[in-house]
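Enquirer: The structure's right below; bear with me while I get my questions together.
The values are calculated or read from the model by the stated rules, or taken from the named source; none is laboratory data. Note that this is a predicted model, so its numbers are computed, not measured. Glycine also receives a Cβ, built like all others from the backbone with ideal geometry; neighbour counts cover every protein chain displayed. Side chains are part of the model used for accessible areas, which takes the heavy atoms of the whole protein and leaves out ligands, DNA and RNA. Shrake-Rupley method; radii C 1.70, N 1.55, O 1.52, S 1.80 Å.
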Amino acid sequence: MKVLIAGGAGYIGSTIGSACLDAGITPVILDSLVTGRREFAAGRAFYEGDIADGPTVDRVFAEHPNIGAVIHCAALIVVPDSVADPVGYYRANVTKSLEFAAHLLRNGCQRLIFSSSAAIYASVDDLTVDEDSPVDPQSPYARTKAMCEAMLADIASAEPIRVLSLRYFNPIGADPKMRTGLQLPRPTHALGKMIEAHDDGVPFLVTGTDYPTRDGSGIRDYIHVWDLAAAHVQAFRRFDALPGPVTAINLGTGRGTTVWELVDAFNSVAGRPIEAHPAARRPGDIAGAYTRADRANRLLGWRTRCDITEGIRHSLQWAAIRDQVFV
Ligand SMILES: NC(=O)c1ccc[n+]([C@@H]2O[C@H](COP(=O)([O-])OP(=O)(O)OC[C@H]3O[C@@H](n4cnc5c(N)ncnc54)[C@H](O)[C@@H]3O)[C@@H](O)[C@H]2O)c1
């Protein structure tokens, strides 16, 4: 059985591809390489093209008639860019997803797994959310994800396709076998900034220390990208047993980690500890949230296996070899 991974040359899509291969499922990759890497598709069936390009999608299905499901990871993902260029982001993430859905329907695709985000949830006082929590995305990027979910739900209620939206929390780490990892040299999330501080020998700034969390710093639900990938393998296997034409599932660990706690975890793994200093909040940042849901376990038979220190260790290992992987 094959699975088509749109955006399969990116960070998460390529890791899903590796997990599929390890599970005996053959990935077929469709990626425009707008942010993805050709190296991540090496040795895999790969179509360089846009999800909105009908003839390319038709060719993929004609050449791989046994595609059992499609995983749609293709998107632009940088929140500040989406604020600066909303037209570009709505076009890339919403318009192209709509075109892609039409191409999938034409080719008889009946199972679609959509990469959504926990960024669609409204902020809540107790810092936890489940799949029924109110949705109130706070950036154009997050709104593109909520719009795609709504659009795909309408399509699934009218057409012979079922849709599973997987709402990711905060992926960290890399493929434990170091086949793939983050392609960006300088990621802007907290762990990326810690690795930068570590490499450059400068202090790490804890931006925001007056949030309503246990120590005042922001809280996130850091999930190892390998656990995330494993959830997609389970979703592929269990797809037909999902309860309805449209399902949403949170993918997180169920544990919140504050930035100060992440610093401690980082220093327990890194050879050379980093110094951390409190600093002012960055505009647009939020206190954060973590999942309190067990739906992923119930419906997918999945739970996380990697702890946060493994995520940090694999991120550090990947950062050290990244430049050798990219030719
Ligand atoms: N990384 C995160 O923190 C995070 C969190 C929640 C959700 N997500 C979602 O997960 C998915 C994957 O994210 P990622 O971190 O791997 O990002 P990424 O940029 O590494 O991967 C996205 C991939 O999609 C490809 N792509 C983009 N537009 C395309 C198009 N029109 N046609 C074909 N290919 C296209 C890119 O070239 C890239 O390879 C995205 O949908 C994102 O919204 C990511």
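Enquirer: Restricting to segment 185-200, what's the tally of residues that are more than 14 Å from LEU262 (Cα to Cα) and either touching a residue at least 12 places away in the same chain (Cβ under 8 Å) or polar (S, T, N, Q) (or both)?
Expert: As a first pass, look at segment 185-200 and keep what is more than 14 Å from LEU262 (Cα to Cα): 185-188, 196, 199-200.
Within this subset, residues satisfying the condition of being either touching a residue at least 12 places away in the same chain (Cβ under 8 Å) or polar (S, T, N, Q) (or both) are 185, 188, 199.
Count: 3.
Enquirer: Checking the structure you have, find out if any residue of segment 208-224 is within 16 Å of the ligand (Cβ to nearest atom), within 20 Å of CYS73 (Cα to Cα) and out of contact with any Gly (no Cβ under 9 Å at 6 or more places or on another chain).
Expert: Taking every residue of segment 208-224 in turn, none turns out to be within 16 Å of the ligand (Cβ to nearest atom), within 20 Å of CYS73 (Cα to Cα) and out of contact with any Gly (no Cβ under 9 Å at 6 or more places or on another chain).
Enquirer: Same structure, new question: I'd like to check something: does segment 11-21 contain any residue that is open to solvent by 50 Å² or more (accessible area, probe 1.4 Å) and either within 11 Å of the ligand (Cβ to nearest atom) or not small (Gly, Ala, Ser) (or both)?
Expert: First, pick out the residues of segment 11-21 that are open to solvent by 50 Å² or more (accessible area, probe 1.4 Å): 21.
After this cut, where a residue has to be either within 11 Å of the ligand (Cβ to nearest atom) or not small (Gly, Ala, Ser) (or both) as well, the list is 21.
Checked against the condition, which is being open to solvent by 50 Å² or more (accessible area, probe 1.4 Å) and either within 11 Å of the ligand (Cβ to nearest atom) or not small (Gly, Ala, Ser) (or both), segment 11-21 yields at least one hit.
Enquirer: Which of the residues that make up segment 79-138 are open to solvent by less than 20 Å² (accessible area, probe 1.4 Å), over 30 Å from THR213 (Cα atoms), of a type outside the set (A, V, I, L, M, F, W, C) and within 10 Å of the ligand (Cβ to nearest atom)?
Expert: Scanning segment 79-138 gives ASN93, SER97.
Enquirer: Being open to solvent by 30 Å² or more (accessible area, probe 1.4 Å) and either at pLDDT below 95 or at positive phi (or both) is the filter here; which residues of segment 281-303 pass it?
Expert: Applying the first criterion (open to solvent by 30 Å² or more (accessible area, probe 1.4 Å)) to segment 281-303 yields 281-286, 290, 292-295, 297-299, 301, 303.
Listed by number, the residues that qualify are ARG281, ARG282, PRO283, GLY284, ASP285, ILE286, ARG292, ALA293, ASP294, GLY301.
Enquirer: Considering each residue of segment 144-196, count those that are closer than 30 Å to GLU310 by Cα, in a strand (DSSP E or B) and not basic (Lys, Arg), and give that number.
Expert: Taking segment 144-196 as the starting set, the residues that turn out to be closer than 30 Å to GLU310 by Cα are 145, 164-196.
Pick out the ones that are also in a strand (DSSP E or B) and you get 164-168, 170-172.
Right, trim to not basic (Lys, Arg) and you get 164-166, 168, 170-172.
Qualifying residue count for the region: 7.
Enquirer: Next up: Would you mind telling me which numbered condition in (1) under 21 Å from PRO203 (Cα atoms); (2) without any contact (Cβ under 8 Å) to a residue 24 or more places away in the chain ARG303 fails?
Expert: Only one criterion in (1) under 21 Å from PRO203 (Cα atoms); (2) without any contact (Cβ under 8 Å) to a residue 24 or more places away in the chain is unmet by ARG303, namely (1).
Enquirer: Next up: Which helices (runs of 4 or more DSSP H) does segment 234-327 wholly contain that include 2 or more residues that are of a type in the set (Ser, Thr, Tyr)?
Expert: Values: elements: 259-269, 295-300, 308-325.
Correct list: 308-325.
Enquirer: Find the residue count for segment 233-266, including only residues that are open to solvent by 20 Å² or more (accessible area, probe 1.4 Å) and closer than 25 Å to ALA158 by Cα.
Expert: So the count comes out to 8.
Enquirer: Residue by residue through segment 204-232, note down the ones that are open to solvent by 10 Å² or more (accessible area, probe 1.4 Å), part of a helix (DSSP H, G or I) and not aromatic (Phe, Trp, Tyr).
Expert: Within segment 204-232, just ALA230 meets the criteria.
Enquirer: Using the structure shown, decide if LEU76 is modelled with pLDDT of 95 or more and assigned to a strand (DSSP E or B).
Expert: Details: modelled with pLDDT of 95 or more: yes; assigned to a strand (DSSP E or B): no.
Spelling it out, it is not the case that LEU76 is modelled with pLDDT of 95 or more and assigned to a strand (DSSP E or B).
Enquirer: Sort out which residues of segment 23-41 are more than 7 Å from the ligand (Cβ to nearest atom), outside any strand (DSSP E or B) and either within 24 Å of PRO65 (Cβ to Cβ) or open to solvent by less than 10 Å² (accessible area, probe 1.4 Å) (or both), and write them in order of number.
Expert: Matches in segment 23-41: ALA23, GLY24, ILE25, PHE40, ALA41.
Enquirer: Are there any pairs with C-beta distances below 6 angstrom linking a residue in segment 55-79 that is touching a residue at least 60 places away in the same chain (Cβ under 8 Å) to a residue that is open to solvent by 50 Å² or more (accessible area, probe 1.4 Å) and in a strand (DSSP E or B), with the two at least 6 apart or on different chains, and if so which?
Expert: Sorted first by the residue in segment 55-79, then by its partner, the pairs are ALA69/ARG111.
Enquirer: Sticking with this structure for a sec: How many residues are aliphatic (A, V, I, L, M), away from the ligand (no atom under 11 Å from the Cβ) and either more than 16 Å from TRP318 (Cα to Cα) or surrounded by 20 or more Cβ atoms within 10 Å (Cβ to Cβ) (or both) if we restrict to segment 162-190?
Expert: Looking only at segment 162-190, we keep the residues that are aliphatic (A, V, I, L, M), and these are 163-164, 166, 172, 174, 178, 182, 184, 190.
Checking which are away from the ligand (no atom under 11 Å from the Cβ) leaves us with 163-164, 174, 178, 190.
Subset that is either more than 16 Å from TRP318 (Cα to Cα) or surrounded by 20 or more Cβ atoms within 10 Å (Cβ to Cβ) (or both): 163-164, 174, 190.
Going through segment 162-190 one residue at a time, the tally reaches 4.
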